[in-house]
Amino acid sequence: MDERFMREALRLAQKAKKRGEVPIGAVVVLNGKIVGRGYNLRTRLQMATAHAEMRAIDRACKKCRSWRLPGAELYVTLEPCPMCMGAVLNARIDRVYFGAYEQKGRSLTGALAAANLLNHTVEVTGGVLQEECAQVLSSFFTELRRRERARRGARGT
């Protein structure tokens, strides 16, 4: 595990935040090099699948000219959702490192990793730069709630 890759995912999360997206960033690493980058763009693209992980995996597959990425690692700032873990398994990614834990219980990361789906298992490590990753998310949602309260207040006067 290399923290510099999680720091790159954090940088990408900040890009998403500047665009008004939920700040999640991801990178796919193969042989010590980043081969795919992505950040959340669901709102801008109006696509349910435009998650950071999906975008990073898609780019890595294009760069490697294969839908299989054995030996690859995924670094993502938030625990992956079931859809993204499905893509990890399908792409045969070996390891997932994530920062913040999904607080709303919508993740099946551990269960999916252990399920040996598609004749493939994934090693999962959570809590990598956890405080920094969680802070990016919490500050985004705090600001979003503040703006919403201000907007509601402006309408009420």
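The values are calculated or read from the model by the stated rules, or taken from the named source; none is laboratory data. Note that the coordinates shown come from a computational prediction; the quantities given were computed from them, not determined experimentally. Ideal geometry is used to build each Cβ from the backbone, glycine not excepted, and the neighbour counts take in all protein chains shown. The accessibility values were calculated without ligands, DNA or RNA, using every heavy atom of the protein model including side chains. Shrake-Rupley method; radii C 1.70, N 1.55, O 1.52, S 1.80 Å.
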| request: Could you order Ile34, Ile93 by accessible surface area, starting with the largest, using a probe radius of 1.4 Å? | output: Ile34, Ile93
| Size of region 1-74 along its principal axes in angstrom, Cα-based, largest extent first? | 33, 25, 13
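Counting only Cα atoms, I'd like the Rg/Rh figure for region 1-43, Kirkwood definition for Rh. Intermediate results must be reported in sequence, preceding the final value.
On the way: Rg = 10.6 Å, Rh = 10.4 Å.
Answer for region 1-43: 1.02.
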| remark: With +1 on the Cβ of every Lys and Arg and -1 on the Cβ of every Asp and Glu, the dipole magnitude of region 1-142 about its Cα centre, in debye rounded to the nearest 20, is 740 debye
| request: Mind counting lysine pairs for me in the chain? Cα separation below 23 Å, and the two need to be 8 or more apart along the chain or on different chains. | output: 6
| note | Any trypsin sites (Lys or Arg not before Pro) in region 1-106 that lie in a DSSP loop and have at most 10 other Cβ atoms within 10 Å would be Arg65, Lys104, Arg106
| Entry for Rg/Rh (Cα atoms, Kirkwood Rh) (calculated from the structure that is shown) out of [x] 1.02; [y] 1.21; [z] 0.94 | [x]
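Go through region 46-98 and name the chymotrypsin sites (Phe, Trp or Tyr not before Pro) that are in a DSSP coil and have 15 or fewer other Cβ atoms within 10 Å of their Cβ.
On the way: sites: Trp67, Tyr75, Tyr97, Phe98; in loops: Trp67.
For chymotrypsin sites (Phe, Trp or Tyr not before Pro) across region 46-98 that sit outside H, G, I, E and B with at most 15 neighbouring Cβ atoms in 10 Å, the list reads Trp67.
Over the chain, what is the relative contact order in whole percent, taking alpha-carbon pairs under 8 Å and six or more residues apart?
Numbers: 325 pairs, mean separation 29.7, N = 157.
Relative contact order, the chain: 19 percent.
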| remark: Ordering Met47, Met6 by the accessible surface of their heavy atoms, 1.4 Å probe, largest first, yields Met47, Met6
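Rounded to the nearest 500, what is the 222 nm mean residue ellipticity of the chain from helices alone, with -39500 (n - 2.57) per DSSP H run of 4+ residues and division by all residues? Intermediate results must be reported in sequence, preceding the final value.
Details: 6 runs with 75 residues, N = 157.
Value at 222 nm, helices only: -15000 deg cm²/dmol.
Return the percentage of antiparallel bridges among DSSP beta bridges fully within the chain, rounded to the nearest 5 %.
On the way: 10 of 18 bridges.
Around 55 percent of the beta bridges assigned by DSSP in the chain are antiparallel ones.
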